[in-house]
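The values are calculated or read from the model by the stated rules, or taken from the named source; none is laboratory data. No experiment lies behind these values; they were computed from the predicted model shown. Please note: Cβ atoms are built from the backbone with ideal geometry, for glycine as well, and neighbour counts cover all protein chains shown.
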Amino acid sequence: MRSTFLAGLFCCTAFAQAADVSVVGLFPNKAVLVIDGGSPKTFSVGATITEGMRLVSATESSATIEANGKRQTISIGEHVNRNSSSTGRASVTLQADGRGHYMVPGQINGGSVRMLLDTGATMIAMPASDAVRLGIDYRKGQVAYLNTANGAVPAYRVKLNTVKVGDIELNQVDAVVQEQGLPIILLGMSFLNRTEMRREGEQMTLTKRF
């Protein structure tokens, strides 16, 4: 089975001596990892990577690593450096891709999603196909019409029970569902307004406010 290579990086700051784990190859139920810049090693699901860290799952497209009881999934082309802020509040650091976009792996109502961080979006916006996959009965929401390049399209306002990005989990987050013209979920200001955003170079750090 051909492995899928990626440049994902996982940094765990739960220890006095941090462990940097890079995922360099993926197979079903196995991952090739580089620990603290050492030689690549292959780990099977369930194996201990280093003290306090283990490989929870692996597919050809992503690996899930658990560090001191907290899990992070790394997908192809995505970089998430999770840490704790100096204030002790939940925090996540995102890495821009080659186009300067922040593609964010996360969860909505417990289901895995990929989102594009968009400070120009008033609320989280999602295609109807994702809403159906996540079990959201969006047509019960309040109907509004949004102006797009293709004209006015209907949208349904909904309330998301939970939205999670890294260690940040927010409850009761406003969102809209569109049946046309939206290819990916947009992580908009209804989530971002409840965080502090700090950009340094190609990294964006979000810290939970409330």
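Picking from 154, 127, which residue would you name as being modelled with pLDDT of 95 or more and over 14 Å from the mean Cα position of the chain (by Cα)?
Values: 154 fails: modelled with pLDDT of 95 or more.
Going through 154, 127 in turn, just one is modelled with pLDDT of 95 or more and over 14 Å from the mean Cα position of the chain (by Cα): 127.
Given the condition surrounded by fewer than 16 Cβ atoms within 10 Å (Cβ to Cβ), under 17 Å from the mean Cα position of the chain (by Cα) and free of Cβ contacts under 8 Å to residues at least 40 places away in the same chain, answer yes or no: does some residue in the stretch 158-168 qualify? First the steps, then the outcome.
Taking the stretch 158-168 as the starting set, the residues that turn out to be surrounded by fewer than 16 Cβ atoms within 10 Å (Cβ to Cβ) are 159, 161-162.
Filter again for under 17 Å from the mean Cα position of the chain (by Cα), leaving 161-162.
Then drop every residue that is not free of Cβ contacts under 8 Å to residues at least 40 places away in the same chain, which leaves none.
Within the stretch 158-168, not a single residue is surrounded by fewer than 16 Cβ atoms within 10 Å (Cβ to Cβ), under 17 Å from the mean Cα position of the chain (by Cα) and free of Cβ contacts under 8 Å to residues at least 40 places away in the same chain.
Scan the stretch 104-121 and give yes if some residue there is free of Cβ contacts under 8 Å to residues at least 12 places away in the same chain and of a type in the set (A, V, I, L, M), otherwise no.
no
Can you go through 195, 205 and tell me which one is among the hydroxyl-bearing types (Ser, Thr, Tyr), surrounded by 17 or more Cβ atoms within 10 Å (Cβ to Cβ) and under 14 Å from the mean Cα position of the chain (by Cα)?
Numbers: 195 fails: under 14 Å from the mean Cα position of the chain (by Cα).
205 is the lone residue from the list that is among the hydroxyl-bearing types (Ser, Thr, Tyr), surrounded by 17 or more Cβ atoms within 10 Å (Cβ to Cβ) and under 14 Å from the mean Cα position of the chain (by Cα).
State all residues of the stretch 127-142 that are farther than 22 Å from residue 116 by Cα and either surrounded by 12 or more Cβ atoms within 10 Å (Cβ to Cβ) or acidic (Asp, Glu) (or both); if no residue qualifies, say none. Explain how you work it out, then say what you get.
First, the residues of the stretch 127-142 that are farther than 22 Å from residue 116 by Cα: 137, 139-142.
Of everything in the stretch 127-142, those that are farther than 22 Å from residue 116 by Cα and either surrounded by 12 or more Cβ atoms within 10 Å (Cβ to Cβ) or acidic (Asp, Glu) (or both) turn out to be 137, 139, 141.
Does residue 136 fit the bill of being touching a residue at least 12 places away in the same chain (Cβ under 8 Å), closer than 22 Å to residue 72 by Cβ and touching a helix residue (DSSP H, G or I) at 6+ places or on another chain (Cβ under 9 Å)?
On the way: touching a residue at least 12 places away in the same chain (Cβ under 8 Å): yes; closer than 22 Å to residue 72 by Cβ: no; touching a helix residue (DSSP H, G or I) at 6+ places or on another chain (Cβ under 9 Å): yes.
No; evaluated as a whole, the condition is false for this residue.
Take residue 175 and decide whether it is under 20 Å from residue 108 (Cβ atoms), more than 19 Å from the chain's Cα centre (by Cα) and modelled with pLDDT of 90 or more.
Working: under 20 Å from residue 108 (Cβ atoms): yes; more than 19 Å from the chain's Cα centre (by Cα): no; modelled with pLDDT of 90 or more: yes.
Against the criterion (under 20 Å from residue 108 (Cβ atoms), more than 19 Å from the chain's Cα centre (by Cα) and modelled with pLDDT of 90 or more), residue 175 does not qualify.
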